[in-house]
Structures are given as C-alpha cells and as structure tokens.
1. Residue 50 fails exactly one of the following numbered conditions: (1) at pLDDT 90 or above; (2) in contact with a helix residue (DSSP H, G or I) (Cβ under 9 Å, 6 or more places away or on another chain); (3) assigned to a helix (DSSP H, G or I). What is the number of that condition?
2. State all residues of the range 17-37 that are outside any helix (DSSP H, G or I) and either touching a strand residue (DSSP E or B) at 6+ places or on another chain (Cβ under 9 Å) or under 15 Å from residue 2 (Cβ atoms) (or both); if no residue qualifies, say none.
3. Quick one: which residue in 49, 24 is under 22 Å from residue 108 (Cβ atoms), surrounded by 15 or more Cβ atoms within 10 Å (Cβ to Cβ) and free of Cβ contacts under 8 Å to residues at least 40 places away in the same chain?
4. State whether the residues of the range 90-100 include one that is within 16 Å of residue 50 (Cα to Cα) and modelled with pLDDT of 85 or more.
5. Within the range 1-21, track down each residue that is farther than 16 Å from residue 56 by Cα and either free of Cβ contacts under 8 Å to residues at least 60 places away in the same chain or exposed (fewer than 12 other Cβ atoms within 10 Å of the Cβ) (or both).
6. Read through the list (1) outside any helix (DSSP H, G or I); (2) surrounded by fewer than 19 Cβ atoms within 10 Å (Cβ to Cβ); (3) touching a helix residue (DSSP H, G or I) at 6+ places or on another chain (Cβ under 8 Å); (4) free of Cβ contacts under 8 Å to residues at least 40 places away in the same chain, then give the number of the only condition that residue 42 fails.
C-alpha cells in the first residue's frame, strides 16, 4: 500500500481532515493534500515525520515498514532500533533527564530513521545528542 493510501486510511480512522492534519503537523498548507493526491510522490522525511508525530504513529506505519527517501529505501531494522533506544536511554541517564514514553519513542524513531537514511546502519550519536538537546529543558528529572 502506498503512503497516500495508508495516510488516507489512518486519517479516516482517526477522523482527521487534511487541513487539521497540516495544522497539527506544522507542515506547509497543501503538503498533506499533495501526498494524498499523488502530486508529491517522494515527500521529504521531515514532512513525513511531522505527519506521523501528529497522528501519533511510527513513521513506518505510513508505508508498511519501508519508505523511499531520496532514492534510498529506509526499512525498519530491529537491531538499529534497539541500539537507538539504548542511545536515548544512555544520553538521558548521563544528563539525569527523563522523557514521557511517547517522547522517548518519538526520539528513538527519529534517530533510527536518520541513522538508516544516512546509510550508516549504526546509531548517529551526534544526531541523537542534538535531537535530545532540542527537547525542552523542562523535561529534567527532579532528583
């Protein structure tokens, strides 16, 4: 099933309109519509991640575990995903920080996807640290 078909099905299931999803995801007006109507055959990874986050789903749910990104195929890799989760855990532990379950999983998804997109098949710790620094400092753990 294509990204457009999966996205349409998820939107219908959740009762979300095109305009509402674009606002929730913070993407440019027309972005979701272009995906749904086939005008955007290879949407950018940032757009797809924003849409997936707004829908509360993992990015791979938009395209059954494999997404096309700049001509490369990004598939779900359980070993890299596990290492991405461990990287988030280790970084948070070293900084005495905590995230909600959803934020933790969103970070793991983004790190996994970014690492796969760079075709390294290993965790990009520089990206992981940057991503976690982007999370609000109010997420600090009270000790």
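1. Result: residue 50 passes all but (1).
2. 37
3. Of the residues listed, the single one that is under 22 Å from residue 108 (Cβ atoms), surrounded by 15 or more Cβ atoms within 10 Å (Cβ to Cβ) and free of Cβ contacts under 8 Å to residues at least 40 places away in the same chain is 24.
4. No, the range 90-100 has no match at all.
5. Listed by number, the residues that qualify are 1, 4, 5, 19.
6. Every condition holds for residue 42 apart from (3).
The values are calculated or read from the model by the stated rules, or taken from the named source; none is laboratory data. Since this is a predicted model, take the numbers as computed values, not measurements. Reconstructed Cβ throughout: ideal geometry from the backbone, glycine too, with neighbour counts over all protein chains shown.
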